[in-house]
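Right, one structure below, let's go through it.
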Amino acid sequence: MGDFSFMKKMSDEDAYLFKRCIRKLLDATFIVADKEERLYDFISSESNQYDINTYLAAIGYKVVVEERMRVAMLQQNDDDIETVGLKRINLLRFEPKQVRLLLVLWLLFLERMGYADPVYATIGDIIDKCKIYKITMTPADFKKNYRLFKRFSLIDYSDDIATEDGKVKLYPSLQFCMDIGQLKQVMAEYAADDGAGADKDNMADDEADMDNLADNEEELEDMAESEDAYE
């Protein structure tokens with residue numbers, strides 16, 4: 001068991017933020033700066049991140065901070081990934097239609113993302129992209145899924161989502177709830193199984209967006225490794 005003596009040395013404010021970060025990660029997986037800047041600023045501090053990881057390691061988890069996208073995320077500790085009998089409490093299995101809607105939101109984020117500005121899509125944008133993939137949902141289903149994605153800090157929205165002009169804020173956490181390989185597999189399976197009649201040209205453009213993102217991530221990883229080697 002880890003040494004938690006550091007908790008006794010925390011100020012009341014730091015202890016409060018520490019508890020909020022832990023509970024938020026366990027409940028929602030992500031802490032996004034665009035939504036909860038105070039919590040993100042706390043957890044992104046190297047010393048606080050170390051303390052939080054010391055605490056989480058006792059239950060088989062860790063926090064990873066993606067500084068470029070300003071997202072902190074809960075992940076299973078590498079040492080416990082293969083351990084039999086340890087259930088991942090933050091693992092949610094989406095229904096097929098939810099996965100496809102998540103794919104649409106993720107692709108819209110890719111089209112619009114800029115590292116400095118919030119990313120928005122209108123309800124009309126989302127419906128149009130759903131049509132490309134032949135995704136049909138009732139208004140009630142859309143609202144139910146938006147609520148679910150909001151709970152996990154993947155999106156946010158106001159009360160105007162009943163209209164096509166209503167805006168949905170797309171958080172960078174969308175990039176980390178599924179990896180690029182998984183999303184491409186979903187697209188391929190969808191096209192092969194029941195995507196007949198879908199807009200294949202637009203789907204090809206979306207796959208190209210994912211390929212470009214994958215290339216950029218590989219370049220960043222190579223740069224990070226080069227910097228580590230230089231040091």
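The values are calculated or read from the model by the stated rules, or taken from the named source; none is laboratory data. Remember, predicted model here, so these are calculated numbers, not experimental data. No Cβ is skipped: glycine too gets one built from the backbone with ideal geometry, and neighbour counts run over all protein chains shown. Only protein heavy atoms, including side chains, enter the accessible area calculation; ligands, DNA and RNA are left aside. Shrake-Rupley method; radii C 1.70, N 1.55, O 1.52, S 1.80 Å.
Students often forget the sequence filter, so: which lysines lie under 17 Å Cα-Cα from Lys24 once same-chain residues fewer than 8 apart are removed?
Partners found: Lys35, Lys62, Lys150.
Could you sort Arg112, Arg100 by accessible area so the largest value comes first, with the probe set to 1.4 Å?
Largest accessible area first, the residues go Arg112, Arg100.
If you roll a 1.4 Å probe over the heavy atoms of the protein chains, what accessible area per residue do you get for the stretch 90-172, in Å²?
On the way: 4150 Å² over 83 residues.
I get 50 Å² per residue for the stretch 90-172.
Rounded to the nearest 10 Å², what accessible area does Lys144 have for a 1.4 Å probe in the complete protein model?
About 90 Å², rounded to the nearest 10.
Give the lysines whose C-alpha is closer than 16 Å to that of Lys97, dropping any in the same chain fewer than 8 places away, or say none.
Straight-distance partners of Lys97: Lys129, Lys131, Lys134, Lys143, Lys144, Lys184.
At 7 Å along the Cα-to-beta-carbon direction for both Glu95 and Ser47, put a label point, then send me their distance in nm to one decimal.
According to this spin-label approximation, the distance is 4.8 nm.
DSSP loop GluC sites (Glu not before Pro) in the stretch 1-73 with at most 11 other Cβ atoms within 10 Å of their Cβ, which ones?
Taking the stretch 1-73 and a limit of 11 other Cβ atoms within 10 Å, the loop GluC sites (Glu not before Pro) found are Glu67.
Quick one: accessible surface of Ser11, probe radius 1.4 Å, all protein chains present, in square angstrom to the nearest 10.
For Ser11, solvent-accessible area is about 60 Å².
Rounded, prolate or oblate, given the Cα gyration tensor of the stretch 124-181, with a/c below 1.5 counting as rounded? Mind showing how you got there, number by number?
Values: a/c = 1.72, a/b = 1.20, b/c = 1.44.
Oblate shape, in that a/c is at least 1.5 and b/c is the bigger or equal ratio.
Given axes a ≥ b ≥ c from the Cα gyration tensor, I'd like to know whether the stretch 4-163 is rounded (a/c under 1.5), prolate (a/b larger than b/c) or oblate.
Prolate, since a/c reaches 1.5 and a/b exceeds b/c.
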